Amino acid sequence: MKDQKKAQLWLLGKEGERRLEWVADVAPRLGGRKTYAYGIPDELRERARVGTLVRAPYGRSGRLIDGWVVRVSQREWDHTRRPLAEIAPHGVTLPPEMIELAEWIAQYYFCPTAQAIEAMAPAALRAPKTRRVTMLRLKTDGVLPADLSALSAKRRTVVVALSDGPLERGAVLEQTGVSGATLRALVSEGWVESSVVRILVPHEATQVMPDKPTAAQEDDYTLTGAQQRALDQILAAATEPDLRVVTLFGVPGSGKTEVYVRAIRAIVARGRQAILLAPEIALATQIVERLARRFSRVAVIHSRMTPSQRRDAWLRAASGDVDVVIGTRAAVFAPLPRLGLLVIDEEQDTSYKNLKSPLYHARDVAIKRAQQLGAAVVLGSGTPSLETWHNVATLPHYTLSRIDERVPGAELPRARIVGHDYERTGQLLALETQEALRGVVGSGAQAILLHNRRGYATWLKCATCGLIARCDRCQSPMVWHRAENQIICHRCERRMPTPIACFDDSCGGMFEKAGLAIERVEEEVRRVVTNARVLRLDSDTMHTRADYADALRAFADGAADVMIGTQMIAKGLDFPRVALVCVVDADAGLWLADFRAAEYAFQMVTQVIGRAGRKQGESTAIIQCADPRSTVMAQAAALDYEAFARDELRLRESLRQPPFTRLVRFVLSGEKPGPTRREAEGLAEGLARVAARVDAAIRVEPAESCVAARVRGLWRWQVMARCPRCVAQRMLLAADGEKALKTRVKRLRIDVDPVDMS
């Protein structure tokens, strides 16, 4: 090796000389976190820019792999680097600020950089779009034969046309005017060669028509004093050079959406653009319909769009042809070149956390992106996450803006807690709920009922031995869905015909349906109010964006009297004729094995209460609980968020739970329970050793089985690390460097700031 180095000393510049070369740092699409430096050949110098997908040699074999250019720089030559092979033929380059954001995501959430980059761009942009074509060429490699007299005039025309090079079959037919039979004859006689190839189809953004928005009823609305103050705070934050996060805390029905619209209008008038995120497609659909009347250049981005729709929306945003992008969490990456405002509606919602790698949280990514671009952020909620509420009290760049009253003409509903024993009565709806429902439907008003369990019966239980029908891949109780007459695992979606007899052949018992779910609520409503027009919204009935839009439009138009749904109907929807809302089994979530259980239950109940009383007239909210003395339910019924937050934060601080500490959750999934447990225990020991050297305040808890101990056939164990702020990433880097994260399991999932604790 030493002799080899000596032999190559001639490659170095002479004393006093500097040899410079252009270098690209590439994040390969291999799953690792490392980047590799490649030389940039002269012929690729202009096209190998930051954000470009390239192909480069990798490993000893030199096989070509795809990767994203994350940096381009001119460096002093110190050793020979492999050159880039080519630019991948997809024609799309991500803006440099998006690559910078992706590197932050990769560092903060500890995931591969290429994976973070590809979360930003639709798959239809990353994979080249091609079409099959038939190419024709002369067998003589473009050289005209010396004697063409043997050919007819039409055939000579084809041969002459191909003498300049290969052409598509369709182009030859159009140019020469001959028939397909003539071409086939030339091929069969050996004059012309035919081959089928794939050619690249360039992406083109959909043109945006510069129509003016139509007049909307909301344009005549005069903001309340609290709304105007909130708007002024947002616009002031948008002019600040440093990052400002405005937390818009408003009671349900206080008109937060109107404040968003006025703020976005002001930002657009300044020549900048805005992103508005909503947690659910149902909510995004209603917001889109409202904002389409107020803005002419709006794009929509969410996960239920087709690949081509997402590609077109992305390209429209990148070209600057839209002023506002509305969507779910993926819309936070819309490549608007003049972004000035990011609004996160219902910021507390867990839907903003991506549950597939990269495990980013759209709210936190939005704040980071605003910091990069000098934009402002608005976090809107009637029940802010406790992390956000704590940040308002402790971080200087957070500002609290309150809207304490509803818009004029809207009154908060009269909320009351009703104790109800479902097991004893066998009914989901209490007598008070039944009477209120009859009265509302009879008066021509509307009602909303929420029950956060899909299906009809939440489990099947043997009447003789008590055996519960469980998924053989997840060990979760299978839920009976009456419409399909199937039992379904809600973790892996495994389905099977409804069994009648117990799985234990020695028992001989019969399965009984137990537990109450939303299909049962629908059945009971139809029985209680026989003339009611009932609409059910859950993931079993709503499959596409059009399904959501049609259902919401039908309810808004009065085509249904009662809307029943899971938590997707709890947030932000505005229906003026709703006079009754009811949360069925409201305190069921309090018993979940999750430190955020009380927070989730409080938020859900408060949000549902806010769906009633949107216009003049009395309205009622009924909270059905197994324990009517629950303090959390009482605070939710009173819409007393600040009392709840004060109590819950005091408890969290005593238990060292977020927001007073930062969590990193390591989930190990393996095919066998014993080895998976041992690997988890070894990981916990290794992390504890690393953590002690990084920061004495880090606490690594012993390995334990996950709440969902088996999912999709894999056994799951977890290790939890509790870290002070800004320390988690140092611990992860140190652990990775010391090989402490190496495990022999099927999958290791590292989740920074987890929201799913199952």
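The values are calculated or read from the model by the stated rules, or taken from the named source; none is laboratory data. Only a predicted model underlies this, so the values are computations on that prediction, with no experimental measurement involved. Neighbour counts run over all protein chains shown; Cβ positions are idealised from the backbone, glycine included.
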Of all residues in region 22-45, which are within 18 Å of I99 (Cα to Cα) and not in a strand (DSSP E or B)? R29, L30, G31, G32, R33, K34, T35
Check region 491-503 and report whether any residue there is within 19 Å of C582 (Cα to Cα), part of a loop (DSSP other than H, G, I, E, B) and hydroxyl-bearing (S, T, Y). no
Can you find a residue that is surrounded by 20 or more Cβ atoms within 10 Å (Cβ to Cβ), part of a strand (DSSP E or B), at negative phi and not acidic (D, E) anywhere in region 121-137? yes
Meets criteria (modelled with pLDDT under 90, under 21 Å from R577 (Cα atoms), among the aliphatic types (A, V, I, L, M) and crowded, with 18+ Cβ neighbours inside 10 Å) for A410: yes
Elements of type strands (runs of 3 or more DSSP E) in region 407-486, at least 2 residues being under 20 Å from V525 (Cα atoms) and not charged (D, E, K, R): 414-419, 446-450, 479-481
Just one of the numbered conditions (1) at pLDDT below 90; (2) under 23 Å from the mean Cα position of the chain (by Cα) is not true of K129; which one? (2)
Of all residues being closer than 15 Å to F666 by Cα and of a type in the set (A, V, I, L, M) in region 724-739, which is surrounded by the fewest Cβ atoms within 10 Å (Cβ to Cβ)? Just the residue, please. L733
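Yes/no per residue for (1) assigned by TED's automatic domain parsing to the domain that holds A237; (2) crowded, with 19+ Cβ neighbours inside 10 Å:
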| position | (1), (2) |
| --- | --- |
| T394 | yes, no |
| G419 | no, no |
| G426 | no, no |
| C471 | no, yes |
| R491 | no, no |
| M496 | no, no |
| P499 | no, no |
Positions within region 510-531 being crowded, with 18+ Cβ neighbours inside 10 Å, part of a loop (DSSP other than H, G, I, E, B) and either in contact with a Gly (Cβ under 7 Å, 6 or more places away or on another chain) or modelled with pLDDT of 90 or more (or both), in sequence order: A517, V529
Would you mind finding the one in I488, I417, I448 that is modelled with pLDDT of 90 or more and either of a type in the set (F, W, Y) or in contact with a Cys (Cβ under 7 Å, 6 or more places away or on another chain) (or both)? I417
Residue, nearest to E100 (Cα to Cα), within region 362-379, restricted to residues that are in contact with an Asp or Glu (Cβ under 6 Å, 6 or more places away or on another chain) and either buried (at least 21 other Cβ atoms within 10 Å of the Cβ) or without any contact (Cβ under 8 Å) to a residue 40 or more places away in the chain (or both): R363
Where a residue in region 660-674 is assigned by TED's automatic domain parsing to the domain that holds A728 and its partner, wherever it lies, is of a type in the set (V, I, T) and assigned to a helix (DSSP H, G or I), with Cβ under 8 Å and at least six apart: L668/T676; S669/T676; G670/T676
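A quick yes/no check of all residues on (1) more than 34 Å from the chain's Cα centre (by Cα); (2) in a strand (DSSP E or B); (3) exposed (fewer than 15 other Cβ atoms within 10 Å of the Cβ):
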site: I65; (1), (2), (3): no, yes, no
site: V72; (1), (2), (3): no, yes, no
site: R75; (1), (2), (3): yes, yes, yes
site: D78; (1), (2), (3): yes, no, yes
Can we say G382 is within 24 Å of R652 (Cβ to Cβ) and in contact (Cβ under 8 Å) with a residue 60 or more places away in the chain? yes
Filtered residues of region 520-552 (kept if under 29 Å from V407 (Cβ atoms) and free of Cβ contacts under 8 Å to residues at least 12 places away in the same chain): D550
